[in-house]
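**Student:** Take a look at the following structure, please.
Every number here is computed from the coordinates shown, using simple stated rules; none is lab data. Keep in mind it's a predicted model, so treat the numbers as computed, not measured. Backbone-built Cβ (ideal geometry, glycine too); neighbour counts: all protein chains shown.
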There are 2 protein chains.
Amino acid sequence: MTIAKIAELAGVSKATVSRVLNNSGYVAEKTRRKVMKIIEEFNFVPDSRAVNLSKSMTRTIGLVIPTTSGPFYMEVIRGIEDVLAANGYYMLLMTFEASRDKNETRKKYRSLLDEKRVDGLIVFDPEADESFVQEMANAKKPCVYLGREYPKVPIDTVSADNFTGSRLMMLHLLEHHGFRKIAFVRGPLDSYHGLERLKGYRKTLREFGIGYDENLVFCGNFTREGAEKIAKKIFAVNPEAIFASNDEMALGIIHKAKQLKIPLSKIPIIVGFDDAPWAEHINPALTTVKQPMYDIGKTAARIMMDRLSGDRSKVPMKVKLHTSIVIRESCGCLKAAFE
Amino acid sequence: MTIAKIAELAGVSKATVSRVLNNSGYVAEKTRRKVMKIIEEFNFVPDSRAVNLSKSMTRTIGLVIPTTSGPFYMEVIRGIEDVLAANGYYMLLMTFEASRDKNETRKKYRSLLDEKRVDGLIVFDPEADESFVQEMANAKKPCVYLGREYPKVPIDTVSADNFTGSRLMMLHLLEHHGFRKIAFVRGPLDSYHGLERLKGYRKTLREFGIGYDENLVFCGNFTREGAEKIAKKIFAVNPEAIFASNDEMALGIIHKAKQLKIPLSKIPIIVGFDDAPWAEHINPALTTVKQPMYDIGKTAARIMMDRLSGDRSKVPMKVKLHTSIVIRESCGCLKAAFE
DNA sequence: CTGAAAGCGCTTACAG
DNA sequence: CTGAAAGCGCTTACAG
């Protein structure tokens with residue numbers, strides 16, 4: 001079934017069928033009904049490829065996310081889909097596999113634009129460097145980068161404020177709990193997020209007039225295993241609290257403490273960052289910093305919709321969303337239901 | 001940039017440019033080089049919409065999954081993407097939101113086919129009834145249904161063997177642990193998976209000559225909250241073990257036990273089903289049945305690729321993948337590292 | 001080995 | 001209000 005056959009059966013021209021299909025231009029009510037009847041009878045649906053070719057669009061946006069870093073990207077997907085679905089857009093999903101070459105993947109997602117497979121791209125690729133992102137900014141189609149900022153690149157970004165998240169946690173530990181000797185487990189040296197979180201730690205200490213002590217800062221790699229290896233060293237400095245800059249590492253440290261048979265009461269306060277799906281279920285339930293993944297997705301999709309509906313020349317949006325701290329048992333605020 | 005412009009600049013016809021682009025037909029080496037040079041100079045990429053319209057394909061397959069039921073669908077996505085990427089296919093993702101009308105969503109994913117937005121569809125929609133799936137089977141494009149079987153419908157399916165998973169767990173409880181009084185917490189009445197799991201429970205009991213006792217079977221709704229509400233009743237029948245037919249419910253029961261301050265040693269063995277991301281992290285780490293989500297995705301994508309490359313008339317594939325039990329602390333096999 | 005032409009299935013000024 | 005025609009950017013027999 002094509003528009004031509006429908007036209008023939010209805011005894012009108014293709015143009016007219018197109019008009020009733022799109023509700024555009026003038027069509028006599030009588031004609032419309034005649035055409036609609038045939039369309040419905042044959043359950044006709046226009047070929048999107050032809051429509052898109054003619055209208056030079058795709059009604060599809062591409063989403064690129066890592067699969068590796070676990071499950072909370074599902075929230076980003078939800079946020080985006082909610083907006084896209086409401087606007088009649090579709091989502092092409094491409095994932096960053098740890099196993100695949102990153103630059104290959106970048107080339108591939110870039111080509112989604114060139115091949116006109118999508119009208120725009122939303123990308124979660126915190127390791128992309130400035131020059132590459134600048135290239136993407138030069139594309140004729142809109143791109144929104146997620147997860148971090150590129151202050152010097154004129155491109156839309158949506159990220160969570162990791163610095164302030166870290167600061168909020170520090171405030172909680174310093175003000176509410178009154179701790180002064182707080183150990184910090186940082187991520188790998190080249191991680192943007194890792195650096196932001198470390199900055200939050202340092203800056204907040206300074207605000208409180210507490211000297212920055214290098215011996216209290218431990219270098220982890222954002223994995224549980226890595227944290228388990230350095231846990232002993234951390235315990236050795238006898239901190240009042242340990243701020244692991246992600247939940248995985250917090251988990252590793254808690255685990256190591258259990259292995260070492262250190263009684264719960266003797267374990268320093270351990271807090272994390274990310275609010276992993278299991279964070280509330282471990283023992284003790286983890287106090288942590290939560291990133292608004294759903295809202296990141298939603299905001300990104302909204303910006304994309306705006307760009308696609310003409311807001312093209314506007315200044316780049318640099319959205320930074322609030323992170324919040326989730327207070328549970330591990331910092332001691334909520335008593336464990338079951339010891 | 002279009003093929004026409006490239007042709008003009010290279011001083012050849014569009015047909016020739018198309019040939020070098022597709023590596024098809026004969027092209028003199030000299031001509032090829034001349035054309036390639038222009039293509040590269042202008043960084044020309046053909047418009048996929050035009051290509052797809054001409055070749056009547058899309059190189060895209062649609063994936064439909066629920067977002068609600070948590071994060072393990074990410075594994076399915078990974079499995080599918082691995083295969084698709086290797087074959088140069090793209091993935092259009094559509095999600096089932098709890099908030100949206102299911103039938104609307106069905107209509108929508110069906111229309112992906114009609115609109116020729118995708119070459120085929122992989123669908124995770126265990127609530128779809130037979131008549132609807134039959135409709136999908138009648139479509140001219142291939143569909144693979146995930147998560148459950150439709151024995152009477154001639155359609156490809158890939159599912160995990162929930163029945164046997166349930167049976168394996170029962171065998172473990174019966175043979176290894178020697179329990180006889182095993183309570184079972186079932187899911188809602190209309191859930192396919194819930195029923196399969198219940199069957200596994202019943203059948204295995206019968207094998208062991210143990211009478212089916214209705215008082216040992218409790219009706220949950222697959223949620224933690226629901227399970228918490230009925231936990232007391234379960235404890236009241238004094239079972240040796242509680243087989244919750246999903247992890248959420250197992251968690252609810254464990255939680256309730258903690259609230260009731262029942263000492264760990266007095267809590268009957270509690271096991272689950274699903275291997276949720278937090279299952280290994282809770283206390284006690286949950287013994288559970290694991291479904292091979294990655295392999296489900298991979299298998300589905302492989303079937304799809306086969307169908308698209310001509311295996312069209314073949315008999316429907318009904319793949320059932322093995323589930324396995326993951327033995328942890330909650331059944332008592334592994335001692336908790338930390339009590 | 002190469003090109004002219006028809007075709008894929010739509011949309012959209014333009015003319016009437 | 002409606003239709004003929006050109007156009008979107010490619011591919012593919014067909015002829016030479």
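**Student:** List the aspartates and glutamates whose Cα lies under 17 Å from the Cα of A:K290, skipping any in the same chain that are fewer than 8 positions away.
**Tutor:** List returned: A:E75, A:D161, A:E196, A:D247, A:E248, A:D274, A:D275, A:E280, A:E329.
**Student:** Quick one: what are the phi-derived ³J(HN,Hα) couplings along the range B:118-131, Karplus 6.51/-1.76/1.60 with θ = phi - 60°, whole Hz, x for glycine and proline?
**Tutor:** 9, 8, x, 9, 10, 10, 10, 8, x, 8, 5, 8, 3, 5
**Student:** What does the range B:162-290 give for Rg and for Dmax, in Å, if only its C-alpha atoms count?
**Tutor:** 13.1, 36
**Student:** When a/c is below 1.5 the answer is rounded, else prolate if a/b is larger than b/c, else oblate, so apply that to the range B:3-46 with a ≥ b ≥ c taken from the square roots of the Cα gyration tensor eigenvalues.
**Tutor:** rounded
**Student:** If you build the convex hull over the alpha carbons only and average its shadow over all orientations, what do you get for chain A? Give it in nm² to one decimal.
**Tutor:** Spelled out: convex hull of the Cα atoms, projected over all directions, averaged, 22.3 nm².
**Student:** Need the C-alpha centroid separation for the range B:146-221 versus the range B:224-290, integer Å.
**Tutor:** Centre-to-centre (Cα) distance: 17 Å.
**Student:** Mind jotting down the three principal axis lengths of the range B:68-217 based on Cα atoms? Whole angstrom, largest first.
**Tutor:** For the range B:68-217, the Cα spread along each principal axis is 56, 32, 30 Å.
**Student:** Whole-Hz Karplus ³J(HN,Hα) for the range A:215-231, in order, using 6.51 cos²θ - 1.76 cosθ + 1.60 and θ = phi - 60°, x for Gly and Pro?
**Tutor:** Each residue of the range A:215-231 in turn: 5, 9, 10, 10, 9, x, 10, 6, 10, 5, 4, x, 5, 4, 5, 9, 4 Hz.
**Student:** Here is a follow-up. Among A:G297, A:V271, A:S56, pick out the residue whose Cα is farthest towards the positive end of the charge dipole of the protein assembly as shown, where Lys and Arg carry +1 and Asp and Glu carry -1 on C-beta, about the Cα centre.
**Tutor:** Working it through, the farthest residue towards the positive pole turns out to be A:S56.
**Student:** Which of B:K199/B:K298; A:K229/B:K258; A:K298/B:K141; B:K5/B:K30; A:K318/B:K108; A:K37/B:K318 have a Cα-Cα distance over 29 Å?
**Tutor:** A:K229/B:K258; A:K298/B:K141; A:K318/B:K108; A:K37/B:K318
**Student:** Now, a different point. How long is the protein assembly as shown along each principal axis, judged by its Cα atoms, biggest number first, in Å?
**Tutor:** 80, 70, 55
**Student:** If you take the square roots of the eigenvalues of the alpha-carbon gyration tensor of the range B:158-229 and sort them as a ≥ b ≥ c, do you get rounded (a/c under 1.5), prolate (a/b over b/c) or oblate?
**Tutor:** Since a/c reaches 1.5 but b/c is at least a/b, the shape of the range B:158-229 is classed as oblate.
**Student:** Here's a follow-up. Quick one: give the max-minus-min coordinate of the C-alpha atoms of the range B:1-133 along each principal axis, largest first, in Å.
**Tutor:** 59, 27, 23
**Student:** Counting helices only, and only those DSSP H runs with n ≥ 4, report the 222 nm mean residue ellipticity of chain B as the sum of -39,500 (n - 2.57) divided by its residues, in deg cm²/dmol to the nearest 500.
**Tutor:** Value at 222 nm, helices only, nearest 500: -13000 deg cm²/dmol.
**Student:** What are the residues whose amide H is under 5 Å from the amide H of A:I269, where those residues sit 5 or more places off or on another chain and H is modelled from the backbone?
**Tutor:** Correct list: A:I242.
**Student:** Any idea what the B:G211 label distances to the other copies are, label 7 Å down the Cα→Cβ vector, nm, shortest first?
**Tutor:** Taking the point 7 Å beyond Cα along Cα→Cβ, the inter-copy spacings are 7.8 nm.
**Student:** Mean-square fluctuation check for chain A, GNM, Cα pairs under 10 Å: which of A:P126, A:P263, A:P316 is largest?
**Tutor:** Result: A:P263 has the largest fluctuation of those listed.
**Student:** May I ask you to derive the relative contact order of chain A, considering only C-alpha pairs under 8 Å and at least 6 residues apart, and to give it as an integer percent?
**Tutor:** This gives 17 percent for chain A.
**Student:** Rg to Rh ratio, the range A:64-132, alpha-carbon atoms and Kirkwood radius?
**Tutor:** Rounded to two decimals, Rg/Rh equals 0.97.
**Student:** Taking each residue of A:49-57 in turn, how many C-beta atoms of other protein chains fall within 10 Å of its C-beta, and what is the average?
**Tutor:** 5
**Student:** Same structure again: Any chance you could give the angle, 0 to 90 degrees and rounded to 10, that helix B:293-308 forms with the longest Cα principal axis of chain B?
**Tutor:** Once rounded, one gets 30 degrees.
**Student:** Between copies, how far apart are the A:V315 label points? List them in nm, one decimal, shortest first, with each point 7 Å from Cα toward Cβ, please?
**Tutor:** Sorted ascending, the copy-to-copy spacings read 6.8 nm.
**Student:** So, one more: Dipole size in debye (nearest 20) for the range B:5-140 around its Cα centre, Lys and Arg Cβ +1, Asp and Glu Cβ -1?
**Tutor:** 1020
**Student:** For B:V326, which sequence-distant residues (separation of 5 or more, or a different chain) have an amide H within less than 5 Å of its own amide H, given hydrogens modelled in the peptide plane?
**Tutor:** The answer is B:T288, B:V289, B:K290.
**Student:** While we're on this one: What angle do you read, to the nearest 10 degrees and between 0 and 90, between the alpha-carbon axis of helix A:162-171 and the longest principal axis of chain A?
**Tutor:** Once rounded, the angle reads 40 degrees.
**Student:** Just name one of A:S191, A:G252, B:G209: the one whose Cα is farthest towards the positive end of the charge dipole of the protein assembly as shown (beta-carbon charges, Lys/Arg +1, Asp/Glu -1).
**Tutor:** A:S191
**Student:** Between copies, how far apart are the A:K261 label points? List them in nm, one decimal, shortest first, with each point 7 Å from Cα toward Cβ, please?
**Tutor:** List, nearest first: 2.8 nm.
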